[in-house]
Amino acid sequence: MTLPMEELLDTAERIRSMEIRGAALIGRAAAGALKDFALSIEAASLEEFNGEVRRAAEVLLNTRPTAVSLSNAVRIVMRYRGDDLEAARSSLAKNADSFVERSLKAVERIGEIGSRRVLDGDVILTHCNSSVALSIIKTAFDSGKDIRVIATESRPRYQGHLTIKALDGWGIETELIVDSAVRTVINEVDHVIVGADVITANGSLVNKIGTAAIALAASEARTSFVVAAETYKFSPETIMGELVPIEMRSPEEVYPEISKLQHVRVRNPAFDVTPHRYIDVICTEIGAIPPEMSYLVIKEMLGGELERQRL
Ligand code: RUB
């Protein structure tokens, strides 16, 4: 039988290695792992339980530094209450379940809200593999709109391959392009639709590397740039002035034989920042908002947490 901590470390490793990836899924996986851990650990007292789950939360938080869905999920699950051990256990499990449910509902709702902006005959460009951006695309298609998608490869990890397989499975006409072909095709595109790892207090977007260059091309071509982001992708820390850490991944992801070269190094940031002025709208589960409203979303949705952090 695997021990609770071993199981949690296994999930943490699957997040770190990107077997589990995409901000929404990372958040849900972390919530689920904390729940499983809390339900299966043996603790002699509430204090011991608190210490153990805090340690487990730390392990999960240290897997991928950028996605705020991870820290927001962990924070929400860790709001458990209980006067004794069993009450605390079940309160934590309930928090985890309601986070997962809220996340799945949000993705569906964003699909409905975002798809209203997509018209019959539209061409959509998407980057990387975002379950929430794909929810908009699929909902538009399922409602009978004749749409076409252009998907980028998204080097170095080729998440675009996951995207084209999903689109193919749904029967949506799709074209795969190399990342550097975006400028060439952008005049055919009606909407760029991408997901988010983080939305900052000023409405800027942190998403897969290459997103910012696509936003620049879209802005120059007057193509609408839509972000699909649940409210738990908004970062409370950025209100406090903190910068979003950008994950740097291994050189080998870009060039496997880098160790054979003496004078070359690889820089491999996983994400970049798209300034809010290039974003037309952020589709959230509470509505399609201008990026400038992000501060209010953070205050409204995550405000209680901010207060607690200040104490
Ligand atoms: C994935 C990525 C996705 C966002 C949103 O990066 O940048 O666009 O996470 O995804 P990685 P979703 O592959 O490095 O995790 O909409 O599914 O949350």
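Descriptive notes on the structure:
- Among residues of the stretch 216-237 that are over 18 Å from ALA288 (Cα atoms) and outside the structural domain of ALA133 (by TED's automatic domain parsing), none has a beta-carbon under 7 Å from a residue that is of a type outside the set (Phe, Trp, Tyr) and open to solvent by less than 10 Å² (accessible area, probe 1.4 Å) at least six positions away or on a different chain.
- Applying a threshold of 8 Å to beta carbon distances and a minimum spacing of six or more residues, or different chains, the list of pairs starting in the stretch 16-43 at a residue that is in the same structural domain as ALA228 (by TED's automatic domain parsing) and ending at one that is assigned to a helix (DSSP H, G or I) and more than 11 Å from the ligand (Cβ to nearest atom) is empty.
- ILE193 meets the conditions (1) open to solvent by 20 Å² or more (accessible area, probe 1.4 Å); (2) more than 24 Å from SER17 (Cβ to Cβ) in every case but one. The failed one is (1).
- Out of THR274, THR211, THR284, THR238, one residue alone is open to solvent by less than 10 Å² (accessible area, probe 1.4 Å) and farther than 18 Å from ALA24 by Cα. It is THR274.
- Verdict on GLU86 being in a helix (DSSP H, G or I), touching a helix residue (DSSP H, G or I) at 6+ places or on another chain (Cβ under 7 Å), open to solvent by 20 Å² or more (accessible area, probe 1.4 Å) and acidic (Asp, Glu): no
- Between ASP146, ASP168, the distinction of being out of contact with any helix residue (DSSP H, G or I) (no Cβ under 8 Å at 6 or more places or on another chain), more than 16 Å from the ligand (Cβ to nearest atom) and closer than 25 Å to ILE26 by Cβ belongs to ASP168 only.
For every residue, the table says whether it meets (1) crowded, with 24+ Cβ neighbours inside 10 Å; (2) touching a strand residue (DSSP E or B) at 6+ places or on another chain (Cβ under 9 Å).
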position: ASP97; (1), (2): no, no
position: GLU101; (1), (2): no, no
position: GLU108; (1), (2): no, no
position: VAL118; (1), (2): no, yes
position: THR126; (1), (2): yes, yes
position: VAL132; (1), (2): yes, yes
position: THR139; (1), (2): no, no
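- Among the numbered conditions (1) within 20 Å of MET18 (Cβ to Cβ); (2) in a helix (DSSP H, G or I); (3) out of contact with any His (no Cβ under 9 Å at 6 or more places or on another chain), the only one that ALA133 does not meet is (3).
- Exactly one residue out of ALA44, ALA33, ALA57, ALA67 is over 23 Å from LEU243 (Cβ atoms), buried (at least 18 other Cβ atoms within 10 Å of the Cβ) and among the aliphatic types (A, V, I, L, M): that is ALA33.
- The stretch 179-193, residues that are out of contact with any Gly (no Cβ under 9 Å at 6 or more places or on another chain) and hydrophobic (A, V, I, L, M, F, W, C): ALA181, VAL185, ILE186, VAL189, VAL192
- Scanning the stretch 6-30 for residues that are away from the ligand (no atom under 16 Å from the Cβ) and either of a type in the set (D, E, K, R) or at pLDDT below 95 (or both) yields a count of 3.
- Test for ILE199: is it within 12 Å of the ligand (Cβ to nearest atom), over 22 Å from GLY121 (Cβ atoms), open to solvent by 20 Å² or more (accessible area, probe 1.4 Å) and touching a strand residue (DSSP E or B) at 6+ places or on another chain (Cβ under 6 Å): no
- For the stretch 2-44, filtering for residues that are in a loop (DSSP other than H, G, I, E, B) and touching a Leu at 6+ places or on another chain (Cβ under 7 Å) leaves 1.
The values are calculated or read from the model by the stated rules, or taken from the named source; none is laboratory data. If you're wondering where the values come from, they're calculated on a predicted model, not measured in any experiment. Here the Cβ is made from the backbone with ideal geometry for all residues, glycine too, and neighbour counts use every protein chain on show. Heads up: the accessible areas ignore ligands, DNA and RNA and are worked out on the full protein's heavy atoms, side chains in. Shrake-Rupley method; radii C 1.70, N 1.55, O 1.52, S 1.80 Å.
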